[in-house]
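Scroll down for the structure; my scribbles are underneath it.
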Number of protein chains: 2
Amino acid sequence: MNNLVALKKLIDFELEEFNNSLLNKKPSSLYEPIKYTLDLGGKRMRPLLNLIACDLFDGNVSDAVKPALGLEIFHNFTLLHDDIMDKAPLRRNQPTVHKKWNPDIAILSGDTMFVQSFQYVMQSPTLHLKEVLDVFTKTAIEVCEGQQMDMDFESQLNVSIPQYIKMIGLKTSVLLAGSMKIGAIIGNARAEDAQHIYEFGKNLGIAFQLQDDILDVFGSSQKVGKQTGGDIVSNKKTYLLLKAMDMADRYKKEELQLWMHTTNVDPVEKVEAVKSIYEYLGVKALAEAEMQKFYLKGLTHLNQIPCNQNNKDQLINFAENLMQRES
Amino acid sequence: MNNLVALKKLIDFELEEFNNSLLNKKPSSLYEPIKYTLDLGGKRMRPLLNLIACDLFDGNVSDAVKPALGLEIFHNFTLLHDDIMDKAPLRRNQPTVHKKWNPDIAILSGDTMFVQSFQYVMQSPTLHLKEVLDVFTKTAIEVCEGQQMDMDFESQLNVSIPQYIKMIGLKTSVLLAGSMKIGAIIGNARAEDAQHIYEFGKNLGIAFQLQDDILDVFGSSQKVGKQTGGDIVSNKKTYLLLKAMDMADRYKKEELQLWMHTTNVDPVEKVEAVKSIYEYLGVKALAEAEMQKFYLKGLTHLNQIPCNQNNKDQLINFAENLMQRES
């Protein structure tokens with residue numbers, strides 16, 4: 001078993017090699033934004049989960065490290081394109097590519113990263129290549145579907161909680177799940193175990209996104225790294241908002257809708273008001289319970305995998321840390 | 001040997017199957033624009049060249065038909081994203097996706113098509129999978145590089161003819177070349193012959209793009225399917241313009257620059273004026289000679305392939321038709 005620090009080092013080394021290779025590539029207007037994006041940092045959660053999953057089955061993690069990097073490049077490609085669609089000015093406290101350069105460059109650098117991600121995922125061992133690519137492309141399609149659903153929700157009047165869970169399942173979770181499944185496949189896991197690890201990742205991902213929703217409102221703004229309440233300001237249909245609309249009586253619902261539909265409102269005031277409605281309705285505790293439910297469901301899948309308990313504990317440890325994060 | 005009509009039928013059948021499969025996919029806001037794009041039609045040149053190349057080596061074209069469709073989907077994905085960047089309102093006389101829907105949907109439907117193109121190219125025979133994917137991803141990266149160079153040229157004062165040829169080589173030709181090479185690989189061609197067919201496709205592609213430049217100015221607007229002179233109106237740095245700037249004396253150069261830099265000019269008048277400068281300088285004949293040079297260079301590569309002359313004649317016939325097109 002490799003410890004987490006060692007796995008993280010493998011990824012950082014590979015990523016640095018890749019980033020350095022971009023320095024000499026032409027046209028630089030295409031490659032500079034790619035290097036910029038990857039240099040912004042991040043938890044490198046997807047490649048880490050990929051290597052941990054490979055390690056879980058005592059696989060050779062050096063076989064998985066190139067595909068792992070491919071997953072990180074893919075994730076960053078989706079951020080690049082999502083930021084255009086969301087008109088986001090900042091990413092990790094730095095200007096987004098479409099702001100620092102322009103949307104055309106963000107589209108095209110993103111497309112290029114997409115191809116590069118395939119080039120890395122393709123470096124899976126030949127024996128597993130087809131299976132890995134099947135998981136990867138299925139995942140990539142689902143991520144696009146999730147992003148489209150998210151955009152559709154903006155103009156959709158009634159979004160149900162199951163629809164919301166489906167959307168975050170596609171937009172966020174399948175990539176965590178797919179990353180782990182690819183690691184398991186490269187680690188020579190049996191098909192049923194690779195599927196268990198996929199389900200673990202899928203449920204963990206949903207729990208993770210629900211926590212994101214909670215932290216956006218109730219996290220400490222310093223630790224979250226952005227102003228809290230951004231989702232409230234933009235009327236984003238999160239689990240908290242949808243649950244509040246479900247729970248509220250007629251009067252509270254009207255109050256909530258008034259805050260959502262009034263323009264030119266002071267954002268700090270709006271966040272405080274909506275937050276106090278959430279507190280009144282107790283939706284934070286409900287969201288936490290939902291999050292816990294998905295996490296525990298994930299664990300039942302992990303428990304069914306007949307592998308070394310030490311390896312499993314490392315994964316559980318990593319997941320618990322994710323679930324207890326404050327940002 | 002399969003005749004062209006039979007090969008075209010294979011592609012049309014596969015494409016129709018794919019298009020029908022999109023009908024039931026959700027979210028429909030993601031999949032409708034994909035079906036719309038592919039329904040707009042087109043010459044299906046890339047999949048055809050792929051199958052012809054496979055056939056040239058007496059390969060089994062049914063092995064190549066899924067990757068062939070992947071190449072067509074990939075090409076249409078690039079059109080979708082290029083149209084956003086070029087702010088093009090029309091494609092094949094119909095509104096472009098970013099106009100009919102919106103740019104966000106065009107970005108995301110394009111991304112989805114990109115994944116779908118991989119899913120089809122991945123259906124190459126296992127024996128050749130890695131090699132095919134290497135060619136495909138290298139090609140895809142180069143197409144992005146070519147598009148970026150084209151965008152860079154817009155604000156670049158001095159673009160040389162060799163730079164221009166390099167740009168169209170990447171933006172247009174490598175996909176024709178790569179399509180043929182993939183067909184040859186699936187047709188079990190020897191490595192050197194697959195490379196010859198690649199070079200044939202590359203040179204044919206450059207000749208094809210030079211002809212596009214000529215047709216935009218000197219083609220019949222009815223046959224071209226769009227107003228002639230669009231490149232002149234938008235000051236696009238084509239072979240004709242770059243050659244004219246090279247050839248012109250000080251006075252003609254000033255005249256040309258005046259037309260390029262004057263805003264609020266009548267487009268019909270501008271097209272006529274620039275066209276008459278082109279005629280005065282004889283750049284049409286020079287462009288045609290350049291086009292012929294690349295085409296003949298391509299043929300020397302084709303000639304070095306030791307295969308059935310009948311098969312070769314079919315390819316030459318197809319290429320000659322391309323070179324003599326009026327639209």
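Summary table below
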item	result
Total charge dipole magnitude, chain B, about the Cα centre, Cβ charges on Lys, Arg, Asp, Glu only, Debye to nearest 20	220
Alpha-carbon radius of gyration plus Dmax, which is the widest Cα pair, for the range A:179-327 in Å	18.8, 58
Net charge dipole size for the range A:188-327 [Lys, Arg +1 and Asp, Glu -1 on Cβ; Debye, nearest 20]	160
Peptide B:141-154, shielding by other chains (average Cβ, 10 Å cutoff)	5
Shielding of A:74-84 by partner chains, average beta-carbon count, 10 Å	1
Span per principal axis, largest first, for the Cα atoms of the range A:1-115 (Å)	45, 30, 21
Farthest toward positive dipole pole in the range B:4-323 [+1 Lys/Arg, -1 Asp/Glu at C-beta], among B:N321, B:F74, B:S28	B:S28
Most positive-pole-ward Cα, A:L15, A:S173, A:Q163, against dipole of chain A from beta carbon charges	A:L15
Cα-based shape type of the range A:4-323, given that a ≥ b ≥ c are square roots of the gyration tensor eigenvalues and the cut on a/c is 1.5	oblate
Ascending list, in nanometres, of distances separating the A:S29 label from those of the other copies (7 Å, Cα toward Cβ)	3.2
Förster-model FRET efficiency, 45 Å R0, B:K166 and B:K9, C-beta, rounded to 0.05	0.75
Links that overshoot a 19 Å alpha carbon limit, given the list B:K202/B:K293; B:K171/B:K252; A:K237/A:K297; B:K100/B:K270	B:K171/B:K252; A:K237/A:K297; B:K100/B:K270
Ranked by how many other beta carbons lie within 10 Å on average, peptides B:89-95, A:75-81 from highest	A:75-81, B:89-95
Label spacing, shortest first and in nm, from A:D58 to its equivalents in the remaining copies (7 angstrom along Cα→Cβ)	5.1
Kirkwood Rh and Cα Rg combined as Rg over Rh, evaluated for the protein assembly as shown	1.01
Three-way shape call for the range A:66-210 based on the alpha-carbon gyration tensor, with the a/c threshold at 1.5	oblate
Cα Rg, Dmax, the range A:88-158, angstrom units	16.2, 48
Ranked A:F18, A:F200, criterion: other C-beta atoms within 10 Å, fewest first	A:F18, A:F200
Sum of side-chain charges, A:K284 neighbourhood, beta-carbon under 12 Å (Lys, Arg +1; Asp, Glu -1)	-3
CD proxy at 222 nm, helix term only [per DSSP H run n ≥ 4: -39500 (n - 2.57); per residue of chain A; nearest 500]	-24500 deg cm²/dmol
Peptide B:108-119 - average C-beta neighbours from other chains (10 Å radius)	6
Relative packing of peptides A:239-245, B:240-246 - highest average C-beta neighbours within 10 Å first	A:239-245, B:240-246
Relative contact order computed over chain B (Cα-Cα under 8 Å; 6+ residues apart), in percent	19
Nm distances between copies for A:Q304, ranked from closest, using label points 7 Å along Cα→Cβ	5.8
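Where a number appears in this text, it was derived from the coordinates with a stated rule and is not lab data. What you are looking at is a predicted structure, and each value in this text was computed from that prediction instead of being measured. Note that we place each Cβ from the backbone using ideal geometry, even for glycine, and neighbour counts take in every protein chain shown.
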